[in-house]
Every structure is written in structure tokens, then in C-alpha cells.
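What follows is a short report on a single structure.
We did not get these values from a lab; they are worked out from the coordinates using the rules stated. Source: prediction; values computed, not measured. Because the Cβ atoms are built from the backbone with ideal geometry, glycine has one as well, and the counts that use them run over all protein chains shown.
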Amino acid sequence: MLLRRRELHTVILLVACSAACAGLRAQDADPTKPLPDIPSLLHDVETNQRKAEAVEKDYIYRSVLTKQQLDSHGNVKKTTTSEADHFWLDGVPVMRILKKDGKALNPDELAKEDKRIDSEAAKARDRRAKAESSGKERSDPHGEDEVTVSRLLELGRFTNPRRVQLNGRDTIAVDFAGDPKAKTRNRLEDMIHDLAGTAWIDEEDHVLVRTEGRFTNTFKVGLGLVANIRQGTHFTAQWAKINDEVWLLSHAEGRGAARLLLFWNFDGSASVNDSDYRKFRATSTVLPATAMPAPANPPAKPAPQSQP
């Protein structure tokens, strides 16, 4: 399916950017070290994120999604896993499922998967072409709403800025809470409205490297038919530096209950591990697994996913 998971990634990034955009100075453990200007840092994060999205289109990577469903007593009653390759096809991000619950898809299932990808990619291209012809071109091929830096300044309250060492690197950490009085304009702003958490931004590279957050209220779109995220649902996400050129998502997990259309749902816990980032180009239909073109560069080793 098309990567609706990118929408969750966008939400996580927006929360982190909001947290950094306090217009405050970070507390510094070393008083002799100059502190960054937080608003300027935020603008750099936004610029670097767009650069990273462009570079990501040159990569293919493997993801493993694990979901655990809980019973009424909080015990795990069911665990499911899926393994997939993610890449861009003619400007459209896609996910090609390879395994379900540890079992590889058979040739017929893979053929159906490739047919589905081609069909959904064609629909996404049509939506993009219509948006461009109507003067509503967006950077996101799915046409999702966006939130600008200036809007982020209006959507939350910011506290406790400080410098923190994370995995041996200096980061600026800031706590964030959505302002319940702020008027929102689209569904991403609505999500931020109901979020609270902490973000860490790498001070040297000016990119997001970790975030933690939770939903302070139940969030619904379309009476819960489009999106339904239960109050108290929380998440963490981490990014890793790949090939010394770009920071890309390495791990994300959530606990609680959430559903976005038919593309993402869990009631218990869900985690995604992304690894094996390697350069890749695809400009036409998806090729069978046995005929996948070789990556432009040797596969990169998965980045360490050490916890702070």
C-alpha cells in the first residue's frame, strides 16, 4: 500500500518542530558554550527536513512492523508482523510487502502485491496531476495538509528548554503542549492541538533525532471513520544518520489505540524498525523480487538503535 505511515512521520516531525519553536534560550550545562537561537534552529530543521525527503527518494529500505493486541487485562493475546521494502516509484512512495508473520509471500501473492502497487501509484500520480493543473500543487504526493513554521508558533506552549547529550551528540530538548485555545485550520493542526511531548534536535546537523509524545485528548476525524486515536496513546521515534549524508527514521513505536483509515491501526502496541538503507532507482513498474535492480551503491549497514 502507499505509505500512509509518512503521515504519522509528518505528525511526529511537526510536534518536534513545535517543541523547538519556543523563542526561548536553552539551558546549558556548559555556561561557556554559546547557545543556539531556537527560532533560527527551527527554520534550519524545516529546511533540512525537506532536503532529507528529497534524498530519501534515492533510497530503498526494509521495515519490520510488529503489532501486539491486548486483552481486557492488558495481556498480549495476539502478535502480528509484516516485513516490507519501501521505495519511491515515479515520484510516489510505496511499500512492497514481502513477509507476513515471518512467512514469505508466494509468487502469486507477490504478483498481486506488485499489481496493487502499480494501481495505487497510478492513482496517486493522477491526484498529483489534478492538483498541479488546478494550481494546488503540494510537496506531498498524497496532497495532505501542511503546517508552516509561522503556524507552529501559534499552536502550543513551550517549557523547559535545555541542552542534552543523546548518543554522544549535543541536542536541544524542549517540552511541548498543544494550546487548547489555538484555532486550527486542518487535520494535522488538529493533531498537534491534542499532543504533548518532548523533542530532541541535533545541535550540529539541525535535524530531529528523537521525539516522545502523547495524545492528551481523543482525536477523531470524520466521526472516527477517517482517524480515531484514543486519549493517552503515546509514541516515541528515533532517527539515524545514513551514509553520513541524511538522517532517516530508524525506529518508531506507539502504545494505546489508533486507526487511520485502513492503513494503520493498533489496539495495544505497534513498533516499526527501519534498516538496510541503500541507494535505489525505480522509474517504471515494480519488478519481481528476483529481477530487482542492484542498488547504485553497496547496501548500508543498519544504523545502531541504541537508547539514550
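Restricting to DSSP loop positions (anything but H, G, I, E, B) with no more than 13 other Cβ atoms inside 10 Å of their own Cβ, which trypsin sites (Lys or Arg not before Pro) remain in segment 162-224?
Numbers: sites: 162, 163, 169, 181, 183, 185, 187, 210, 214, 220; in loops: 181, 183, 185.
Loop-located and lightly packed - 181, 183, 185.
With a simple spin-label model that places each label point 7 Å from the Cα along the Cα-to-Cβ direction, the separation between residue 32 and residue 169 comes to 2.5 nm.
Tell me, what is the FRET efficiency for residue 73 and residue 51 to the nearest 0.05, using R0 = 41 angstrom and their Cβ-Cβ distance as r? Intermediate results must be reported in sequence, preceding the final value.
Details: r = 47 Å, r/R0 = 1.15.
So the FRET efficiency works out to roughly 0.30.
3J(HN,Hα) couplings calculated from phi for segment 156-171 with the Karplus curve 6.51 cos²θ - 1.76 cosθ + 1.60 (θ = phi - 60°) are, in sequence order, x, 10, 10, 9, 6, x, 6, 8, 9, 7, 10, 6, x, 10, 6, 10 Hz; Gly and Pro show x. Phi angles of segment 192-200 translate, via the Karplus equation with coefficients 6.51, -1.76, 1.60 and θ = phi - 60°, into HN-Hα couplings of 4, 4, 10, 10, 9, x, 9, 10, 10 Hz per residue; Gly and Pro are given as x. Converting phi to 3J(HN,Hα) with the Karplus coefficients 6.51, -1.76 and 1.60 and the offset θ = phi - 60°, segment 84-98 yields 8, 9, 10, 6, 9, 10, 6, x, 10, x, 9, 10, 10, 5, 10 Hz in sequence order, with x at every glycine or proline. For residue 77, a cut-off of 19 angstrom between C-alpha atoms picks up these lysines, skipping any fewer than 8 places away in its own chain: 67, 100. In this structure, the amide hydrogen of residue 233, modeled 1.01 Å from its nitrogen in the peptide plane, lies closer than 5 angstrom to those of 215, 257, counting only residues at least 5 positions away or on a different chain.
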